[in-house]
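Take a look at the structure below.
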Amino acid sequence: MDLVYWLLLLKAPHLGVKTFYKALQYFESPQQVFSSSHTERLNSGLFRKPTLEYLATTDTSLVQADLDWLEGDDCHMLTLIDENYPSQLKTIADPPPLLYVRGDVSCLSKPQLAIVGSRNPSTGGKQNAYQFANQLANLGLVITSGMASGIDAQAHIGALEAQANTIAVCGTGLDRIYPAKHKSLAHQISLQGALVSEFCIGTAPIASNFPRRNRIISGLSLGTLVVEASIKSGTMITAKLAADQGKEVFAIPSSIHNPLAEGCHDLIKQGAKLTSSIDDIINELPEGLLGNMSPLKTSQSTKQVDKTGFNVLKCLSYEALTVDQLVEKTKLSPQLVTQELLLLELNGQIERTSSQGYILIK
């Protein structure tokens, strides 16, 4: 079975993605790498000594766990030459030679938008991630993210509640859920979209895995939306990878007093698209991608969503708002707004400013 040799070659020590592809080009197939003589492998100049020693044997027990996992429900492996391997991902400089997929393989080839951001976002950041994901998913885009806490999770939930596809790219083997608290979320994503990883079964959540998985998040997608991010974060790595891949980068601005806005503001300075509504994203997508949905129609749907579902906390940010402004935003009575403000202040979630306004506390 050719898949066994793909798996075995991927487990070879000191063999990165780039060397894997050089070997594939030189020997034409993973199976040929193993069936070639030691002299041929040595003369290729591609392999270090530990790799050559590994290639001298064909121990299929090394990949048995992967093969056993493949027998599970909705479990798939896609090699680069598989017809179901997403074409968007093939265009990046170093696509994963093999993808583990749990769920609906077909959604990997649908138009996607990545939504990423802080693991510890503000309330407004969570709200933005959910609403952008929900509205864009309603228009037919698959929402892709990394299933991390915070912005990623809210993006997945927004898509799921729109009864749409969402894809989680994982930094572990797909037999492990990270973070563990997202076990139920992961299960729902696998039923309504797909879990994806390039890491073999049994791979633990090692820190170095996550920057690697970020190139897949951006690579699968037409563009990447950054909701909130600090300057030095994995989110900024994803945004840089998206730009390097020639993909559009979108960033939501916020108050200059919000530390989680620094990353977005820096991206905007570098040329990312300042994004305040889904129209800013839709207008950058290929013409006709979303069928007959026009920016005017989406603006109307956005306004309709904005009129419903808000409470006082969700309206607050790092910019001070008065009671009158909150009444206008929430469409609640002044009495209800004042009551909730008092409770939020007592809970330490907001504070009052000297100008009789209220701001969110990180």
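Just checking, which of 276, 299 is of a type outside the set (A, V, I, L, M, F, W, C) and at pLDDT 75 or above? Give the steps one after another, and end with the answer.
Numbers: 299 fails: at pLDDT 75 or above.
Just one listed residue meets the conditions, 276.
Looking at region 52-102, which of the residues that are touching a Phe, Trp or Tyr at 6+ places or on another chain (Cβ under 8 Å) and farther than 29 Å from residue 112 by Cβ is surrounded by the fewest Cβ atoms within 10 Å (Cβ to Cβ)?
Taking the candidates together, the pick is 58.
Output the qualifying pairs, or none if there are none: Cβ atoms under 7 angstrom, residues six or more apart or on different chains, first residue in region 156-178 and within 11 Å of residue 142 (Cα to Cα), second residue of a type in the set (Lys, Arg) and outside any strand (DSSP E or B).
165/110
Name the single residue, out of those in region 178-195 being of a type in the set (A, V, I, L, M, F, W, C) and either within 19 Å of residue 120 (Cα to Cα) or touching an Asp or Glu at 6+ places or on another chain (Cβ under 9 Å) (or both), that is surrounded by the fewest Cβ atoms within 10 Å (Cβ to Cβ).
Applying the first criterion (of a type in the set (A, V, I, L, M, F, W, C)) to region 178-195 yields 180, 185-186, 189, 191, 194-195.
Now drop any that are not either within 19 Å of residue 120 (Cα to Cα) or touching an Asp or Glu at 6+ places or on another chain (Cβ under 9 Å) (or both), which leaves 180, 185, 191, 194.
On the way: 180: 9, 185: 19, 191: 13, 194: 26.
Here the answer is 180.
Each row is one residue, and each column tells you yes or no for (1) farther than 16 Å from residue 152 by Cβ; (2) modelled with pLDDT under 95; (3) in contact with a helix residue (DSSP H, G or I) (Cβ under 7 Å, 6 or more places away or on another chain).
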{"position": "183", "(1), (2), (3)": "no, yes, no"}
{"position": "186", "(1), (2), (3)": "no, no, no"}
{"position": "189", "(1), (2), (3)": "no, no, yes"}
{"position": "198", "(1), (2), (3)": "yes, no, yes"}
{"position": "207", "(1), (2), (3)": "yes, yes, no"}
{"position": "218", "(1), (2), (3)": "no, no, yes"}
{"position": "222", "(1), (2), (3)": "yes, no, no"}
{"position": "228", "(1), (2), (3)": "no, no, yes"}
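Being within 15 Å of residue 10 (Cα to Cα) and β-branched (Val, Ile, Thr) is the filter here; which residues of region 29-78 pass it?
The answer is 33, 51, 57, 58, 60, 63.
Taking residue 309 and the conditions (1) in contact with a helix residue (DSSP H, G or I) (Cβ under 8 Å, 6 or more places away or on another chain); (2) modelled with pLDDT under 95, which numbered condition does it fall short on, given that it satisfies the others?
Single failed check for residue 309: (1).
Only one of 104, 59 is within 15 Å of residue 5 (Cβ to Cβ) and touching a helix residue (DSSP H, G or I) at 6+ places or on another chain (Cβ under 9 Å); which?
On the way: 104 fails: within 15 Å of residue 5 (Cβ to Cβ).
Only one candidate qualifies: 59.
Just for region 149-161: of the residues that are crowded, with 21+ Cβ neighbours inside 10 Å and out of contact with any Asp or Glu (no Cβ under 9 Å at 6 or more places or on another chain), which one is farthest from residue 224 (Cα to Cα)? Quick ask: steps written out before the conclusion?
Applying the first criterion (crowded, with 21+ Cβ neighbours inside 10 Å) to region 149-161 yields 150-156, 158-160.
Still in the list and also out of contact with any Asp or Glu (no Cβ under 9 Å at 6 or more places or on another chain): 152-156, 158-160.
Working: 152: 12, 153: 15, 154: 15, 155: 12, 156: 14, 158: 16, 159: 15, 160: 19 Å.
Top of the filtered list is 160.
From the set of residues in region 1-23 that are touching a helix residue (DSSP H, G or I) at 6+ places or on another chain (Cβ under 6 Å) and in a loop (DSSP other than H, G, I, E, B), which is farthest from residue 48 (Cα to Cα)?
So the residue we want is 11.
Determine, yes or no, whether residue 125 is buried (at least 22 other Cβ atoms within 10 Å of the Cβ), at pLDDT below 95, under 29 Å from residue 289 (Cα atoms) and in contact with a Ser or Thr (Cβ under 7 Å, 6 or more places away or on another chain). So that I can check it myself, show each step before the final result.
Details: buried (at least 22 other Cβ atoms within 10 Å of the Cβ): yes; at pLDDT below 95: yes; under 29 Å from residue 289 (Cα atoms): yes; in contact with a Ser or Thr (Cβ under 7 Å, 6 or more places away or on another chain): yes.
Considered against the rule, which asks whether it is buried (at least 22 other Cβ atoms within 10 Å of the Cβ), at pLDDT below 95, under 29 Å from residue 289 (Cα atoms) and in contact with a Ser or Thr (Cβ under 7 Å, 6 or more places away or on another chain), residue 125 comes out as yes.
Restricting to region 114-139, what's the tally of residues that are among the hydroxyl-bearing types (Ser, Thr, Tyr) and part of a strand (DSSP E or B)?
Step one: of region 114-139, the residues among the hydroxyl-bearing types (Ser, Thr, Tyr) are 118, 122-123, 130.
Those still in the list that are part of a strand (DSSP E or B) too: none.
Of the residues in region 114-139, 0 are among the hydroxyl-bearing types (Ser, Thr, Tyr) and part of a strand (DSSP E or B).
Please verify whether residue 317 is surrounded by 12 or more Cβ atoms within 10 Å (Cβ to Cβ), at pLDDT 75 or above and closer than 30 Å to residue 142 by Cα, treating the condition exactly as stated.
Working: surrounded by 12 or more Cβ atoms within 10 Å (Cβ to Cβ): yes; at pLDDT 75 or above: yes; closer than 30 Å to residue 142 by Cα: yes.
The answer is yes for residue 317.
The values are calculated or read from the model by the stated rules, or taken from the named source; none is laboratory data. Nothing here was measured: the structure is a model prediction, and the numbers come from that model. Heads up, the Cβs are rebuilt from the backbone with ideal geometry, glycines too, and the neighbour counts pull from every protein chain shown.
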